[in-house]
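The values are calculated or read from the model by the stated rules, or taken from the named source; none is laboratory data. Every value quoted in this text rests on a predicted model; they were computed, and no experiment measured them. Ideal geometry is used to build each Cβ from the backbone, glycine not excepted, and the neighbour counts take in all protein chains shown.
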Amino acid sequence: MDSIIVKGGNRLTGEIPVAGAKNTCLKLMCAALLTDEPLTLTNVPLLSDVATLALLLESLGCEIARLQGGRAVVLNAADIVDQKAHYDIVRKLRASFNVLGPLVGRCGEAVVSLPGGCAIGARKVDLHLAALEEMGATISLSDGYVHASAPNGLRGTEIEFPTVSVGATENAMCAATLAKGTTVLRNAAREPDTKALADCLTGMGARISGAGTSTITIDGVERLHGTTHRVIPDRIELGTYMIATGVAGGEVELIDGRRELVGALSDAMERAGIEISETEKGLKVRRDGGRILPVDVRTEPFPGFPTDLQAQMMALMCIADGTSMLEETIFENRFMHAPELIRMGANIDVHGGQAKVTGVERLKGAPVMATDLRASVSLILAGLAAEGETVVSRVYHLDRGYEHVEDKLGSLGATIERVSAT
């Protein structure tokens with residue numbers, strides 16, 4: 001099992017490209033099931049999650065061709081040979097549950113395993129299922145699988161989500177594109193990933209308005225066609241390297257970065273005394289010498305502070321000059337990185353969904369263990385600011401969401417390497 005070794009103390013300088021958005025790409029790949037014509041995606045990130053979802057789609061009958069070294073993929077679901085998404089694949093990747101809406105919408109039937117992914121809370125799928133039921137699907141659960149059936153097709157309706165759910169919004173939106181009549185989604189997710197999915201579906205012939213707002217309207221059509229769509233930049237990777245620069249100090253330009261993707265993070269970092277500026281090529285982050293200021297953060301659905309950047313922000317606040325409060329409102333069990341940061345000398349006190357972080361002048365390198373995708377990268381970021389050597393084990397999580405993080409940070413001047421277990 002691989003480990004990442006980081007030797008702290010180096011400032012970061014230079015520029016790095018921001019990869020295509022993992023979460024967007026996965027949902028776009030699922031949308032290929034809605035049409036019998038090819039869907040071509042460009043700016044595809046080279047991640048294990050993308051490869052895992054490709055295996056699932058191929059098991060359903062989707063043909064996938066990889067071009068440009070995997071940076072472009074052509075998905076052709078002309079012949080769906082199986083409507084069952086099996087546990088052995090779905091358990092590895094929660095986003096694979098989003099084949100449910102496209103399969104029911106196009107085929108009138110789907111059998112999908114309950115999902116897996118990082119161990120950061122229950123993350124129930126009840127909102128996904130309730131939305132499809134309101135559209136006329138019959139839902140049952142058996143042996144860990146969701147059985148959904150709509151032999152006469154889905155019908156448009158009004159759905160008001162009791163809480164904001166990105167996955168449920170996207171599953172319902174995909175299913176509604178081929179439903180009879182008009183579907184209105186209220187209290188819908190406003191994430192850039194959801195807006196990007198709607199843009200792709202519109203390019204495939206769907207009739208969608210309001211994406212990016214809390215009310216999305218979908219007028220069903222008889223069929224969708226193929227298109228070519230570019231995956232947007234990954235706001236979580238963007239935010240991670242922005243925070244990395246704040247942790248280590250220096251000046252880094254993030255190519256293809258957009259402030260509108262990370263507005264809440266940018267505001268928080270500026271309150272901490274870190275400079276953020278827009279450039280012709282993307283975003284530039286700069287932090288000169290001196291301690292940063294403490295900042296309170298509360299995770300919220302977009303456009304609020306992303307839960308997927310909470311662990312990284314905690315690493316930054318560990319070296320702030322004062323005390324900050326981090327509140328996690330999206331997922332339970334998402335402070336599992338805190339004990340590992342404490343091993344590095346951080347002063348963190350966790351009570352339920354809140355973490356009180358009192359900054360220290362310097363962290364100290366230590367052997368630590370990654371517990372999930374975002375926690376793993378937070379430990380690497382902490383290692384950038386630590387005295388001595390930090391060894392992060394169980395980094396298989398890391399490859400699910402970051403392309404060659406050691407190469408990107410190394411190109412900026414970090415002393416970092418990946419070591420494979422013998």
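Among the residues of segment 325-343, write down those that are at pLDDT 95 or above and at positive phi. None - no residue of segment 325-343 is at pLDDT 95 or above and at positive phi, so the list stays empty.
Just one of the listed residues (GLU328, GLU260) is touching a Phe, Trp or Tyr at 6+ places or on another chain (Cβ under 7 Å) and more than 23 Å from SER411 (Cα to Cα), namely GLU328.
Could you tell me whether any residue of segment 311-324 is more than 25 Å from THR169 (Cα to Cα), in the same structural domain as LEU381 (by TED's automatic domain parsing), at pLDDT 95 or above and of a type in the set (Asp, Glu)? Yes, some residue in segment 311-324 is more than 25 Å from THR169 (Cα to Cα), in the same structural domain as LEU381 (by TED's automatic domain parsing), at pLDDT 95 or above and of a type in the set (Asp, Glu). Report, by residue number, each residue of segment 278-306 that is under 22 Å from LEU412 (Cβ atoms), assigned to a loop (DSSP other than H, G, I, E, B) and modelled with pLDDT of 95 or more. Result: THR279, GLU280, LYS281. Of the helices (runs of 4 or more DSSP H) entirely within segment 79-158, those holding at least 1 residues that are over 19 Å from GLU170 (Cα atoms) occupy 87-90. Give the residues of segment 159-190 that are under 19 Å from the mean Cα position of the chain (by Cα) and either part of a helix (DSSP H, G or I) or acidic (Asp, Glu) (or both), sorted by residue number. Hits for segment 159-190 are VAL166, GLY167, ALA168, THR169, GLU170, ASN171, ALA172, MET173, CYS174.
When segment 133-156 is filtered for residues that are small (Gly, Ala, Ser) and exposed (fewer than 12 other Cβ atoms within 10 Å of the Cβ), the ones remaining, listed by number, are SER140, SER142, GLY144.
Only one of the listed residues (GLU251, GLU170, GLU260, GLU191) is within 30 Å of SER378 (Cα to Cα) and surrounded by fewer than 17 Cβ atoms within 10 Å (Cβ to Cβ). That residue is GLU260. Of the residues examined, THR245 is one that is out of contact with any Cys (no Cβ under 9 Å at 6 or more places or on another chain), polar (S, T, N, Q) and either at pLDDT below 95 or not assigned by TED's automatic domain parsing to the domain that holds ILE159 (or both). Figure legend. Inter-residue proximity from segment 389-411: first residues closer than 17 Å to THR245 by Cα, second residues of a type in the set (Lys, Arg), beta-carbon distance below 6 Å, spacing 6+ or different chains. Indicated pairs: GLU406/ARG418. Any residue at all in segment 72-83 that is closer than 21 Å to TYR402 by Cα and surrounded by 18 or more Cβ atoms within 10 Å (Cβ to Cβ)? Checked segment 72-83: at least one residue is closer than 21 Å to TYR402 by Cα and surrounded by 18 or more Cβ atoms within 10 Å (Cβ to Cβ). If only residues of segment 379-422 that are out of contact with any strand residue (DSSP E or B) (no Cβ under 6 Å at 6 or more places or on another chain) and among the acidic types (Asp, Glu) are counted, the one that is modelled with the highest pLDDT is ASP407.
A residue that is out of contact with any helix residue (DSSP H, G or I) (no Cβ under 8 Å at 6 or more places or on another chain), within 19 Å of ALA196 (Cβ to Cβ), touching a residue at least 24 places away in the same chain (Cβ under 8 Å) and part of a strand (DSSP E or B) cannot be found anywhere in segment 257-274.
Here CYS318 passes the criteria (1) under 16 Å from the mean Cα position of the chain (by Cα); (2) surrounded by 18 or more Cβ atoms within 10 Å (Cβ to Cβ) except the one numbered (1). In segment 85-106, the count of residues that are among the acidic types (Asp, Glu) and at pLDDT 95 or above is zero. Within segment 367-378, if we keep just the residues that are in a helix (DSSP H, G or I) and either touching a Ser or Thr at 6+ places or on another chain (Cβ under 7 Å) or more than 14 Å from ALA315 (Cβ to Cβ) (or both), the residue that is modelled with the highest pLDDT turns out to be VAL377.
Taking GLU133 as the residue in question, decide whether it is on the phi < 0 side of the Ramachandran plot, charged (D, E, K, R) and in contact (Cβ under 8 Å) with a residue 60 or more places away in the chain. No, not satisfied. Out of the residues in segment 32-50 that are in a helix (DSSP H, G or I) and within 19 Å of LEU67 (Cα to Cα), state the one that is farthest from the chain's Cα centre (by Cα). Per the stated criteria, the residue is ALA32. In the condition set (1) on the phi < 0 side of the Ramachandran plot; (2) charged (D, E, K, R); (3) at pLDDT below 95, LYS180 is compliant with all but (3).
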